[in-house]
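The values are calculated or read from the model by the stated rules, or taken from the named source; none is laboratory data. Just so you know, these numbers come straight off a predicted model, no measurement behind them. Every residue, glycine as well, gets a Cβ built from its backbone with ideal geometry; the counts of neighbours run over all protein chains shown.
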Amino acid sequence: MPQERFTIALAGNPNCGKSTLFNALTGAHQHVGNYPGVTVEKKSGDCLHRGVALRVVDLPGTYSLTSWSLEERIARAALIDEAPDLVVNILDASSLERNLYLTTQLMELGLPIVLAFNMSDIVRARGEKVDLPRLSRLLGIPIVETVGSRGEGVAELLDAVLAAAREKRRPVSMHYGNEVEEEIARLASGLETTREAGIRVSARWTALKLIENDPELRERQSAEVLAAADASRAHLEKIFGEQPEMVIAEQRYGFISGACQECVSNTVEFRHTVSDRVDSVVTHPLLGIPLFLLVMYLVFQFTFGVGGPAADLVAWLISRLQALLSPAVLPGMLHSVLVDGVIAGVGGVLTFLPNILLLFLFIAALEDSGCMARAAFVMDHVMHRIGLHGKSFIPMLLGLGCSVPGIMATRVLEDRRDRIATMLVVPLMSCSARLPVYTLLAGAFFAPAMRGRVIFAVYVLGALLAVGLAKLFRRWVVPGPTVPFVMELPPYRVPTVKGLLIHTWARGWLFLRKIGTVVLAASLVIWLLCSFPTPPGAAQMSRAERDTSTLEGSYAADVGKAIAPLLRPIGLGDWKVATSLVVGMGAKELVVSSMSTFYSMRAEDNDPAALGAALRTREAFTPLTALVMMVFVLVYVPCLATVAAIGRESGSWGWAFFQVLYSTGLAWVLCLLIYQGGRLIGVGGG
């Protein structure tokens, strides 16, 4: 067992390569949970270096430690309340001045710090040279060059971490000018209750934040301390003619500028980098959006072209498992539970895992390469035109993986009206849970060359609906001005195989975990509803007759037949479809799971791969009704976890109820237009 143990926190700006370096440090030894009191994801991992056990905590990316945004509050609370032994401040070395602003704030905490100059290869490629020993002396912080995407400098970084943690060496404190320093000293001398207020940092840091008018820190102080802080602020404002926080920020930027002038030099001139030339095309106001749509179209075509054979292989393996579990091997009820309930339900969803993993892989590649940030930049203008904040596109993009983290990501928006409008439309972005439904129906009713195009069209429809409704909501439901937004673009990077695999597996594991828990439990519930009550005289019937009679008189049939009349005008009047859609309100994967159970009650239909063929034999199903069902699943009430997230994040269950009502009503009206319009022009609908 290691004799020494240290906890280190990774802090840095967004897009500084922090997650990549975290993966390089911890590898597969990662843990995901939530920060205390909030539902923001907390990532930590374990690392063993030279016999020393290190717990690595990946803090949310932030530009500052002033508690305005949720990320800033969480990052600061983790540093103050959880008291790590050391902070590794990761900098994008190619944007040194911007990244050092967070460093100057970390220096005030009094914790040991090591700077990781990440992406240092980009600096060298630009012809820049940084005098690291000199900069290290100016800051009082050891500096290590790293290239996280290739694992370069990781061992050296860990050596520096161990040395700094053992020495407990503090960085130097900045000097903010005589007037500010006098007020800091005066306030700090009276802050004897700092520890009693639950703050584990120096009185100097507390005094500095009070002068900066930090809102969260003010809530922890007594009236006497606040009066003294207000007096200091008033005195400084009188001297400088502007707010003290602006004076302090200017001092920090001045210090950073001077340090960079002394320590950074250019050996060659680069008027336009390759990144600039690529961005001139990719972020072009006219070409950018078509290029992004083209990339996503190719992603879908490739996903379903390559993923199809892999999905067929999974279906074949499931069918072999079902063949092994024949009635001769298992007694009647146990056979029905395992084959008709568990395997038909879970296997029906598991069949589409290859497609989902491929889609996750491509999304991870777009994110890690910097292309997704360009897409957000291109869409920024569109977001402003519809009245949303430019950052609203980020939660909407996250909604492609899962609506819940997309809704939680609305916390990056400062304005409450932007948050409400964005979280109301995030569920319209097709999440991975809907993909099995799309894949099943597109595969059953459309030619192979058309499947990817049809699914891509459904994704685009969701995005267009989200944009259109956001404009309506922002104008009529939560009206108000749009907050201005400046978006920065990270440099282009070549994604690493390890990083792509970690990101794909993390998302894929969440999907598998849902299959093993929610889908499994729901499949058993669906089986119970489909298998009871037992019809009279069942013992004298053949198995096929018994299965048909049981299903027609089951509790599931009662539910579906009660709802089916409401769905008949849109072509989805089959009670089995109606029941599947009701079950899908729990999780969209359950639509496929329940249909697998409903349409596989006979022994010869137990193969999940045969579900599409089984649907084609039903008169109620045609390409038109398949398209209608895909659109209905896209738009109608999101899963219960998403509804709960909207209620929690908005602070009002009224918004969650509004989301349920508007989405279901919109789905019915939209599908009515598609179905009846299709029949009117002779497409047919069963």
Which numbered condition residue 74 misses (of (1) in a helix (DSSP H, G or I); (2) of a type outside the set (D, E, K, R); (3) free of Cβ contacts under 8 Å to residues at least 60 places away in the same chain; (4) more than 29 Å from residue 219 (Cβ to Cβ)): (4)
Candidate set from segment 79-94 (those that are among the β-branched types (Val, Ile, Thr) and in contact with a strand residue (DSSP E or B) (Cβ under 6 Å, 6 or more places away or on another chain)); member that is surrounded by the fewest Cβ atoms within 10 Å (Cβ to Cβ): 87
Within segment 384-480, helices (runs of 4 or more DSSP H) holding 2 or more residues that are touching a residue at least 40 places away in the same chain (Cβ under 8 Å) and over 21 Å from the mean Cα position of the chain (by Cα): 435-445, 448-472
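Could you run through segment 383-402 and say how many residues are modelled with pLDDT under 75 and closer than 18 Å to residue 417 by Cβ? Even if it seems obvious, please write down each step before you answer.
Within segment 383-402, the subset modelled with pLDDT under 75 is 383-391, 394, 398, 401.
Adding the requirement that they be closer than 18 Å to residue 417 by Cβ leaves 383-391, 394.
So the count comes out to 10.
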For residue 217: the one exception among (1) in a helix (DSSP H, G or I); (2) surrounded by 14 or more Cβ atoms within 10 Å (Cβ to Cβ); (3) modelled with pLDDT of 85 or more: (3)
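Of these, 352, 377, 360, which one is among the aromatic types (Phe, Trp, Tyr), at pLDDT below 75 and buried (at least 23 other Cβ atoms within 10 Å of the Cβ)? Give the derivation first.
Details: 377 fails: buried (at least 23 other Cβ atoms within 10 Å of the Cβ); 360 fails: at pLDDT below 75.
Only one candidate qualifies: 352.
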Some residue of segment 130-139 being of a type outside the set (Ser, Thr, Tyr), more than 29 Å from residue 245 (Cα to Cα) and either touching a strand residue (DSSP E or B) at 6+ places or on another chain (Cβ under 7 Å) or buried (at least 20 other Cβ atoms within 10 Å of the Cβ) (or both): yes
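Yes or no: residue 498 in the same structural domain as residue 664 (by TED's automatic domain parsing), modelled with pLDDT under 80 and assigned to a helix (DSSP H, G or I)? Before the answer, list the steps.
Numbers: in the same structural domain as residue 664 (by TED's automatic domain parsing): yes; modelled with pLDDT under 80: yes; assigned to a helix (DSSP H, G or I): yes.
It is true that residue 498 is in the same structural domain as residue 664 (by TED's automatic domain parsing), modelled with pLDDT under 80 and assigned to a helix (DSSP H, G or I).
Would you confirm whether any residue within segment 665-678 is of a type in the set (Val, Ile, Thr) and surrounded by fewer than 23 Cβ atoms within 10 Å (Cβ to Cβ)? Lay out the reasoning, then the answer.
First, pick out the residues of segment 665-678 that are of a type in the set (Val, Ile, Thr): 669, 674.
In the following step, the residues that additionally are surrounded by fewer than 23 Cβ atoms within 10 Å (Cβ to Cβ) were identified as 669, 674.
Within segment 665-678 (the criterion being of a type in the set (Val, Ile, Thr) and surrounded by fewer than 23 Cβ atoms within 10 Å (Cβ to Cβ)), the answer is yes, since at least one residue qualifies.
Would it be correct to say that residue 103 is in a helix (DSSP H, G or I) and closer than 29 Å to residue 150 by Cα? Before the answer, list the steps.
Working: in a helix (DSSP H, G or I): yes; closer than 29 Å to residue 150 by Cα: yes.
So residue 103 passes the test.
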Failed condition for residue 178, given (1) among the polar types (S, T, N, Q); (2) modelled with pLDDT under 85; (3) more than 22 Å from residue 255 (Cα to Cα): (3)
Out of 207, 228, sole residue that is among the small types (Gly, Ala, Ser), assigned to a helix (DSSP H, G or I), surrounded by 18 or more Cβ atoms within 10 Å (Cβ to Cβ) and in contact with a Ser or Thr (Cβ under 9 Å, 6 or more places away or on another chain): 207
